[in-house]
1. When the chain is fully extended, how far beyond the present Cα-Cα distance does ASN44 get from ALA191, taking 0.36 nm per residue of separation?
2. With a bin width of 10 angstrom, please list the P(r) values of the chain as percents of all Cα-Cα pairs, from the 0 bin to the one holding the largest distance.
3. For segment 284-368, which GluC sites (Glu not before Pro) are in a loop by DSSP, counting at most 10 other Cβ atoms within 10 Å?
4. What angle, in degrees between 0 and 90 and rounded to the nearest 10, separates the Cα long axis of helix 2-24 from the longest principal axis of the Cα atoms of the chain?
5. I need the Debye-formula profile for segment 125-215: one equal scatterer per C-alpha, no solvent, reported as log10 I(q)/I(0) at q = 0.15, 0.17 1/Å, two decimals.
6. For the pair ASP293 and SER90, how long in nm is the line joining their label points, each one 7 Å along Cα→Cβ?
7. How many angstrom lie between the Cα centre of segment 161-232 and the Cα centre of segment 58-73?
8. For the residues GLU40, GLU188, GLU91, what sequence is obtained by ranking on other C-beta atoms within 10 Å, fewest first?
Amino acid sequence: MKQQKLSTVIAAIILGVSSYQAIAAENESATLTDALNSGEVGVNLRYRVEHVDQDNIDDVAVASTLRTRLNWTSGSYRGFDAFFEVDNISEIGNDNYNSTVNGNTEHPVVVDPQGTEVNQAYLKYNGFNSKVIAGRQRINLDGQRFVGGVGWRQNEQTYDGLRYQFGGEGELQLDYSYIYNVNRIYGEDSARSDLDGDIQLFHASYPLVEEHKLTAFFYNLDLDNAVNFSARTFGAGYRGDFGLFETQLSYARQEDIGSNLSDFSADYYLAEIAAPLGPVKGKLGYEVLGSDDGVGFSTPLATLHKFQGYTDKFIETPADGVEDLYLGASLALAGGDLGITYHSFEANEGSADYGSEWNISYGHEFNEYFSALVKYATYDAEDYSADTDKFWLMLTAKF
């Protein structure tokens, strides 16, 4: 089945190339050889230490890993260009952590398995106020709450399929993707490495006036190997800057489809306001992933580390859903950025008090090539999971 879908995508690429060549044959400003020779190579090195101390596991986890990323971007030829990227994740020193595939189950989980993978490989066309991308690619939609690349983890999440984008900044933008395979963060050696199926992602945005944008989205996940995540999600969002404060609002509805064994329909809500308070930018938000008939609203394609706390306690929504009331502050400090956030978690159905979490981070860019990040998170459990402390130190070099 996967091979048939890949053949369909390849056929679409060939048809697109042939059609465009027929239109633009008389406007050939460079040869294909020129485009290949003018390509650029990029290198990104990211070293990270992650320390996890979790109350219900005796041993701590210490994951010391290096991600080496190499990529190549071709020059443009008749509106077409190509991109290829490969990642290698290596353990530096010991492997005292549970990567989910290394068998070290006596330690807490840190999903940074060793391995080498093709992270991206695609052909892109730019023209007629549109982009078409075919192949393995990164997709980040609207803050990554529902669809993202999980760029925090060493092994990024990427998508195999065909994507079409229309429009630019300041005008109506349409974004449609057909995806037949999701390359997840768990690595190729894991049983959870891929999500296979028919995945359709539609996102539209329209600027009402300057600094005010309305969005609509429809995400249809009909999965073959994770049927309990098969669902249809549709909703709308708004972002606006009123000068004194910024706000965002979002609502979505999710219901089962395909071979999902559950029969449910759950809601999602988000309301957030941010405003400067002297040198500090404050933020107050309330996010709800609802529940219906013992099934929580799920976001399996999201960049989940960005939401509901850095300890990742809610990467799978509890059966009774989750309500997250959060308060944050950020400011520029000593040439870097300091951020602090407090979360209070409760069940959406019933009266369970899940617990609370503090997050703190400080990032500093030394120059265009080197940067560093320090993060700490502590989760105080009540009726869900266990007390957990996490610490990260990350160094990045890019050339």
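Here, each number is a calculation from the coordinates, and none is a lab measurement. What you see is a predicted model, and the numbers here were worked out from it, not measured in a lab. Virtual Cβ from ideal backbone geometry, glycine too; neighbours counted across all protein chains shown.
1. Roughly 50.1 nm would be gained on extension.
2. 4, 19, 29, 30, 13, 3, 0
3. Values: sites: GLU287, GLU316, GLU323, GLU346, GLU349, GLU357, GLU365, GLU368; in loops: GLU316, GLU349, GLU368.
Listed in order of number, the matching sites are GLU368.
4. Between helix and principal axis, roughly 50 degrees.
5. Summing over Cα pairs of segment 125-215 leads to -0.64, -0.78.
6. For ASP293 paired with SER90, the spin-label model returns 5.2 nm.
7. Using only Cα atoms, the two centres lie 26 Å from each other.
8. The order, fewest Cβ neighbours first, is GLU40, GLU188, GLU91.
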